[in-house]
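A short worksheet on the structure shown next.
The values are calculated or read from the model by the stated rules, or taken from the named source; none is laboratory data. No experiment lies behind these values; they were computed from the predicted model shown. FYI the Cβ positions are ideal-geometry reconstructions off the backbone, even for glycines, and counts take in every protein chain you see. With ligands, DNA and RNA removed, areas are computed over all heavy atoms of the protein, side chains included. Shrake-Rupley method; radii C 1.70, N 1.55, O 1.52, S 1.80 Å.
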Amino acid sequence: ADVLGGDDAAAVHQARNKGGWYVDSALGNDSEAGRIGATWAALEVLGALGRLDDLPAADRATTVDWLRSLATKPRALDQSGALARSLQLLKEPVSGALTRVAAPRTDDFAGLTPDDRAVRLADTYGYVLVQEAERRHPAVPRGTWEAVLRDGAETLPYEQLYQLVHVLKAAGSPQSVFAPVLKRLDRERLDDGTVRDPDAYIGNPDASLFV
(Lines give C-alpha, C1' and ligand atoms only; values in the text may rest on other atoms or scores of the structure.)
Protein backbone atom coordinates (compact mmCIF):
# COMPACT_ATOMS: atom_id res chain seq x y z
CA ALA A 1 0.00 0.00 0.00
CA ASP A 2 2.93 2.32 0.68
CA VAL A 3 4.51 1.53 -2.70
CA LEU A 4 1.50 1.62 -5.02
CA GLY A 5 -1.35 4.10 -4.93
CA GLY A 6 -3.87 6.07 -6.93
CA ASP A 7 -1.18 8.00 -8.81
CA ASP A 8 0.22 4.71 -10.09
CA ALA A 9 -3.19 3.62 -11.35
CA ALA A 10 -3.55 6.94 -13.16
CA ALA A 11 -0.09 6.55 -14.70
CA VAL A 12 -0.99 3.05 -15.91
CA HIS A 13 -4.20 4.30 -17.50
CA GLN A 14 -2.22 7.00 -19.30
CA ALA A 15 0.11 4.33 -20.71
CA ARG A 16 -2.76 2.67 -22.55
CA ASN A 17 -2.78 2.88 -26.34
CA LYS A 18 -6.08 3.26 -28.17
CA GLY A 19 -5.30 -0.07 -29.84
CA GLY A 20 -5.80 -1.78 -26.47
CA TRP A 21 -2.23 -2.45 -25.40
CA TYR A 22 -0.05 -0.61 -22.89
CA VAL A 23 3.34 0.96 -23.56
CA ASP A 24 6.25 1.19 -21.12
CA SER A 25 7.86 4.44 -22.21
CA ALA A 26 10.85 3.82 -19.92
CA LEU A 27 11.80 0.73 -21.94
CA GLY A 28 11.12 2.25 -25.34
CA ASN A 29 10.14 -1.16 -26.69
CA ASP A 30 7.10 -0.91 -28.97
CA SER A 31 7.57 -4.34 -30.52
CA GLU A 32 4.78 -6.89 -30.26
CA ALA A 33 6.64 -8.70 -27.49
CA GLY A 34 7.19 -5.38 -25.72
CA ARG A 35 3.50 -4.54 -25.92
CA ILE A 36 2.55 -7.96 -24.52
CA GLY A 37 4.94 -7.59 -21.59
CA ALA A 38 3.92 -4.01 -20.83
CA THR A 39 0.22 -4.90 -20.98
CA TRP A 40 0.70 -7.80 -18.59
CA ALA A 41 2.62 -5.55 -16.17
CA ALA A 42 -0.03 -2.82 -16.40
CA LEU A 43 -2.88 -5.23 -15.68
CA GLU A 44 -0.96 -6.74 -12.75
CA VAL A 45 -0.57 -3.25 -11.24
CA LEU A 46 -4.26 -2.46 -11.71
CA GLY A 47 -5.15 -5.85 -10.26
CA ALA A 48 -2.90 -5.32 -7.22
CA LEU A 49 -4.60 -1.97 -6.63
CA GLY A 50 -8.08 -3.40 -7.12
CA ARG A 51 -8.62 -1.03 -10.03
CA LEU A 52 -9.27 -3.39 -12.95
CA ASP A 53 -12.98 -2.66 -12.69
CA ASP A 54 -12.22 1.02 -13.30
CA LEU A 55 -11.51 0.25 -16.96
CA PRO A 56 -14.33 1.67 -19.11
CA ALA A 57 -16.23 -1.15 -20.80
CA ALA A 58 -15.18 -0.03 -24.28
CA ASP A 59 -11.50 0.15 -23.33
CA ARG A 60 -11.64 -3.23 -21.65
CA ALA A 61 -13.29 -4.77 -24.71
CA THR A 62 -10.61 -3.31 -26.98
CA THR A 63 -7.84 -4.73 -24.79
CA VAL A 64 -9.52 -8.13 -24.67
CA ASP A 65 -9.93 -8.14 -28.46
CA TRP A 66 -6.26 -7.25 -28.90
CA LEU A 67 -5.14 -9.99 -26.53
CA ARG A 68 -7.37 -12.55 -28.25
CA SER A 69 -6.02 -11.57 -31.66
CA LEU A 70 -2.53 -12.52 -30.47
CA ALA A 71 -3.65 -15.72 -28.77
CA THR A 72 -4.80 -17.51 -31.91
CA LYS A 73 -1.50 -19.26 -32.55
CA PRO A 74 1.24 -20.87 -30.47
CA ARG A 75 3.89 -18.44 -29.27
CA ALA A 76 7.13 -18.39 -27.33
CA LEU A 77 6.34 -19.54 -23.81
CA ASP A 78 7.17 -16.22 -22.17
CA GLN A 79 4.68 -14.48 -24.45
CA SER A 80 2.08 -17.23 -24.04
CA GLY A 81 2.36 -16.93 -20.27
CA ALA A 82 1.97 -13.15 -20.38
CA LEU A 83 -1.08 -13.37 -22.66
CA ALA A 84 -2.69 -16.10 -20.58
CA ARG A 85 -2.15 -14.22 -17.32
CA SER A 86 -3.49 -10.99 -18.87
CA LEU A 87 -6.65 -12.75 -20.00
CA GLN A 88 -6.98 -14.37 -16.58
CA LEU A 89 -6.75 -10.97 -14.87
CA LEU A 90 -9.57 -9.75 -17.11
CA LYS A 91 -11.57 -12.91 -16.28
CA GLU A 92 -11.51 -14.04 -19.90
CA PRO A 93 -10.99 -17.61 -21.20
CA VAL A 94 -7.63 -18.55 -22.64
CA SER A 95 -7.36 -19.58 -26.28
CA GLY A 96 -6.75 -23.22 -27.01
CA ALA A 97 -3.82 -22.27 -29.22
CA LEU A 98 -1.94 -21.02 -26.17
CA THR A 99 -2.72 -24.06 -24.08
CA ARG A 100 -1.49 -26.63 -26.59
CA VAL A 101 2.05 -26.57 -25.24
CA ALA A 102 4.08 -29.10 -23.32
CA ALA A 103 6.28 -28.38 -20.34
CA PRO A 104 9.87 -27.56 -21.36
CA ARG A 105 12.20 -30.53 -21.12
CA THR A 106 14.54 -30.91 -18.16
CA ASP A 107 16.46 -34.09 -19.01
CA ASP A 108 19.29 -31.98 -20.45
CA PHE A 109 19.29 -29.34 -17.70
CA ALA A 110 22.60 -30.38 -16.14
CA GLY A 111 24.41 -29.76 -19.43
CA LEU A 112 23.00 -26.28 -20.06
CA THR A 113 24.96 -23.07 -19.64
CA PRO A 114 23.82 -20.68 -16.87
CA ASP A 115 22.17 -18.43 -19.47
CA ASP A 116 20.35 -21.36 -21.08
CA ARG A 117 19.21 -22.56 -17.65
CA ALA A 118 17.72 -19.13 -16.98
CA VAL A 119 15.86 -19.27 -20.30
CA ARG A 120 14.59 -22.79 -19.55
CA LEU A 121 13.32 -21.62 -16.15
CA ALA A 122 11.61 -18.58 -17.69
CA ASP A 123 9.95 -20.83 -20.28
CA THR A 124 8.76 -23.20 -17.56
CA TYR A 125 7.37 -20.24 -15.61
CA GLY A 126 5.49 -19.14 -18.75
CA TYR A 127 4.14 -22.66 -19.20
CA VAL A 128 2.91 -22.69 -15.60
CA LEU A 129 1.14 -19.34 -16.05
CA VAL A 130 -0.74 -20.77 -19.02
CA GLN A 131 -1.79 -23.85 -17.06
CA GLU A 132 -2.87 -21.75 -14.08
CA ALA A 133 -4.98 -19.51 -16.30
CA GLU A 134 -6.74 -22.66 -17.51
CA ARG A 135 -7.03 -23.99 -13.92
CA ARG A 136 -4.92 -26.98 -14.83
CA HIS A 137 -2.26 -28.65 -12.73
CA PRO A 138 1.08 -27.98 -14.45
CA ALA A 139 2.91 -31.15 -15.43
CA VAL A 140 6.43 -30.18 -14.43
CA PRO A 141 9.07 -32.55 -12.99
CA ARG A 142 9.15 -31.43 -9.38
CA GLY A 143 12.24 -33.44 -8.55
CA THR A 144 14.39 -31.63 -11.10
CA TRP A 145 13.25 -28.16 -10.10
CA GLU A 146 13.42 -28.91 -6.38
CA ALA A 147 17.07 -29.90 -6.90
CA VAL A 148 17.66 -26.60 -8.71
CA LEU A 149 16.17 -24.77 -5.74
CA ARG A 150 18.30 -26.67 -3.24
CA ASP A 151 21.44 -25.81 -5.19
CA GLY A 152 20.50 -22.20 -5.95
CA ALA A 153 18.50 -20.94 -2.98
CA GLU A 154 21.47 -18.88 -1.78
CA THR A 155 22.78 -17.67 -5.13
CA LEU A 156 20.02 -17.31 -7.74
CA PRO A 157 19.01 -13.76 -8.72
CA TYR A 158 15.74 -12.79 -7.10
CA GLU A 159 13.77 -12.85 -10.35
CA GLN A 160 14.84 -16.43 -11.06
CA LEU A 161 14.19 -17.37 -7.45
CA TYR A 162 10.68 -15.94 -7.72
CA GLN A 163 9.98 -17.87 -10.92
CA LEU A 164 11.33 -21.10 -9.44
CA VAL A 165 9.27 -20.80 -6.25
CA HIS A 166 6.17 -20.04 -8.32
CA VAL A 167 6.74 -23.10 -10.50
CA LEU A 168 7.22 -25.38 -7.51
CA LYS A 169 4.27 -24.05 -5.54
CA ALA A 170 2.05 -24.56 -8.58
CA ALA A 171 3.44 -28.09 -8.97
CA GLY A 172 2.55 -28.91 -5.36
CA SER A 173 5.93 -29.01 -3.64
CA PRO A 174 5.66 -29.17 0.16
CA GLN A 175 6.35 -26.05 2.22
CA SER A 176 9.54 -27.59 3.62
CA VAL A 177 11.16 -27.28 0.19
CA PHE A 178 11.12 -23.50 0.52
CA ALA A 179 12.83 -23.31 3.92
CA PRO A 180 16.24 -22.30 2.44
CA VAL A 181 14.56 -19.49 0.50
CA LEU A 182 12.80 -18.14 3.58
CA LYS A 183 16.07 -18.26 5.51
CA ARG A 184 17.84 -16.22 2.81
CA LEU A 185 15.05 -13.66 2.59
CA ASP A 186 14.90 -13.19 6.35
CA ARG A 187 18.65 -12.57 6.37
CA GLU A 188 18.48 -10.03 3.53
CA ARG A 189 15.44 -8.11 4.81
CA LEU A 190 16.28 -4.65 6.16
CA ASP A 191 14.65 -2.74 9.00
CA ASP A 192 12.53 -0.67 6.61
CA GLY A 193 10.98 -3.80 5.11
CA THR A 194 12.85 -3.71 1.81
CA VAL A 195 15.16 -6.53 0.79
CA ARG A 196 18.84 -6.06 0.11
CA ASP A 197 20.11 -6.92 -3.32
CA PRO A 198 23.15 -9.22 -3.06
CA ASP A 199 25.28 -6.56 -4.79
CA ALA A 200 23.99 -3.57 -2.81
CA TYR A 201 24.03 -2.24 0.73
CA ILE A 202 20.57 -0.70 0.58
CA GLY A 203 17.06 -2.01 -0.04
CA ASN A 204 16.38 -2.60 -3.70
CA PRO A 205 12.85 -2.11 -5.17
CA ASP A 206 13.29 -4.89 -7.74
CA ALA A 207 14.55 -7.32 -5.13
CA SER A 208 11.70 -6.40 -2.79
CA LEU A 209 9.15 -6.84 -5.59
CA PHE A 210 10.20 -10.41 -6.35
CA VAL A 211 10.30 -11.28 -2.66
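Answer with one residue from 43, 138, 121: the one whose Cα lies farthest towards the positive end of the charge dipole of the range 1-150, charges on Cβ with Lys, Arg +1 and Asp, Glu -1.
After comparing all options, I get 138.
By per-residue mean of other Cβ atoms within 10 Å, what is the highest-first order of 92-98, 78-84?
78-84, 92-98
Taking H as built 1.01 Å from N, whose amide H comes closer than 5 Å to the amide H of residue 22, not counting residues under 5 places away?
Those qualifying (amide H under 5 Å, at least 5 residues apart or on another chain) are 17, 39.
Expressed as cubic angstrom per residue, what is the convex hull volume of the alpha carbon set of the range 50-108?
Hull volume over Cα atoms, normalised by residue count, gives 87 Å³.
How many angstrom lie between the C-alpha centres of the range 91-129 and the range 46-76?
Between the Cα centre of the range 91-129 and that of the range 46-76, the gap is 23 Å.
Which ³J(HN,Hα) values in Hz, rounded to whole numbers, follow from the phi angles of the range 177-183 under the Karplus curve 6.51 cos²θ - 1.76 cosθ + 1.60, where θ = phi - 60° and Gly and Pro get x?
4, 8, 4, x, 5, 4, 4
Got a sec to turn the phi values of the range 77-87 into Karplus ³J(HN,Hα) couplings, 6.51 cos²θ - 1.76 cosθ + 1.60 with θ = phi - 60°, whole Hz, x for Gly and Pro?
4, 5, 6, 4, x, 5, 5, 4, 5, 4, 5
Compute the relative contact order of the range 22-104 as a whole-number percentage, counting only Cα pairs closer than 8 Å that sit 6 or more residues apart in sequence.
Relative contact order for the range 22-104 comes out at 29 percent.
Computing the accessible area with a 1.4 Å probe over protein heavy atoms, can you report the carbon and sulfur percentage for the range 1-133?
51
Quick check on the chain: what does the Kirkwood estimate of hydrodynamic radius come out to from the alpha carbon pairs, in Å?
18.5
May I ask for the Rg/Rh ratio of the range 80-138, computed from Cα atoms with Rh as the Kirkwood radius, given to two decimals?
For the range 80-138, the value is 1.05.
Search the structure for amide H atoms under 5 Å from the amide H of residue 189, placed 1.01 Å from N in the peptide plane, and list their residues when 5 or more places away or on another chain.
Amide H neighbours of residue 189: 196.
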